[in-house]
Amino acid sequence: MKVFRVAVDSSCLIGLAQIEIFGLLKEMFAETFIPRAVYEEVVVKGRGEAGSTETEFAVKDGWISMKTVNDEIAVNALTTNLGKGESEVIILCKESGFDYALIDERTAREKAALMGVNTMGTLGVMDLAIEMGFAIDKKKLVKQLRKAGFRISDKLYRRMFSNN
């Protein structure tokens, strides 16, 4: 059963593509949105990189929808500390009442929380997928993420897998 309406930041699109579980977005979430800045970062500027083809096809296929942010002033206020994509994702969630902003960066998640926007990162998507019954090997995927340059501290890694 698909749950939640989400707006997704570049880091999650790229991370999920790097470990070849990008399609979980389609399988798990009732509706998936990206703002223009995220499309520009991943598909246009990131052409040929992880996530670019997947995101472009998902938008063309219609299961990821592009949505315009209305409050550019709020976006600009956030861009003093955050990237344009992260800022647009947070404001999009706030404006549209989406359930989650899928964002990995700590500062962006903290800003989102201050604004009453729930967040979930790439690791949270994996955890939710497992809860929903998808057969994924989290330890293997996290190792692949780290190898691809995704920042997961040794402390967090040990905490996640101390019982395994």
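Would you mind telling me the share, in percent, of accessible area of the chain contributed by carbon and sulfur at probe 1.4 angstrom?
Carbon plus sulfur share of accessible area: 47 percent.
Using the Cα centre of the chain as the reference point, and only Cβ charges (+1 on K/R, -1 on D/E), how large is the resulting charge dipole? Debye, rounded to the nearest 20.
Dipole about the Cα centre, nearest 20: 660 debye.
Below 8 Å, C-alpha to C-alpha, sequence gap of six or more: please give me the relative contact order for the chain in percent.
Details: 233 pairs, mean separation 40.5, N = 164.
With pairs under 8 Å counted, the relative contact order is 25 percent.
Between Gly133, Gly85, Gly116, find the one with the highest GNM mean-square fluctuation for the chain; connect C-alpha pairs within less than 10 Å.
Gly133
In this model, which of Lys84/Lys111; Lys2/Lys26; Lys60/Lys147; Lys26/Lys67; Lys67/Lys94; Lys60/Lys143 are farther than 20 Å apart at the alpha-carbon? Walk me through the intermediate numbers first.
Details: Lys84/Lys111 13 Å; Lys2/Lys26 9 Å; Lys60/Lys147 30 Å; Lys26/Lys67 17 Å; Lys67/Lys94 13 Å; Lys60/Lys143 31 Å.
Beyond 20 Å: Lys60/Lys147; Lys60/Lys143.
Considering the convex hull of the alpha carbon atoms of the chain, report its projected area averaged over all viewing directions, in nm², one decimal.
9.4 nm²
Could you work out the helix-only [θ] at 222 nm for the chain, with each DSSP H run of four or more residues adding -39,500 (n - 2.57) and the total divided by the number of residues, to the nearest 500 deg cm²/dmol?
Helix contribution divided over all residues of the chain: -14500 deg cm²/dmol.
Report, in whole Å, the centroid distance computed from the Cα atoms of the range 28-78 and the range 135-164.
With the range 28-78 and the range 135-164 each reduced to a Cα centre, they are spaced 26 Å.
Comparing Leu114, Leu92, Leu123, which has the greatest mean-square fluctuation in the GNM of the chain with Cα pairs linked when under 10 Å apart?
Maximum among the listed residues: Leu114.
Could you state how much accessible area Glu41 has, in square angstrom rounded to the nearest 10, with a 1.4 Å probe and all protein chains kept in place?
70 Å²
The values are calculated or read from the model by the stated rules, or taken from the named source; none is laboratory data. Treat the numbers as computed from the prediction; the structure is a model and nothing was measured. In this analysis, Cβ positions are derived from the backbone assuming ideal geometry, glycine residues included, and neighbour counts consider all displayed protein chains. What goes into the accessible areas is simple: the full protein's heavy atoms, side chains included, and nothing from ligands, DNA or RNA. Shrake-Rupley method; radii C 1.70, N 1.55, O 1.52, S 1.80 Å.
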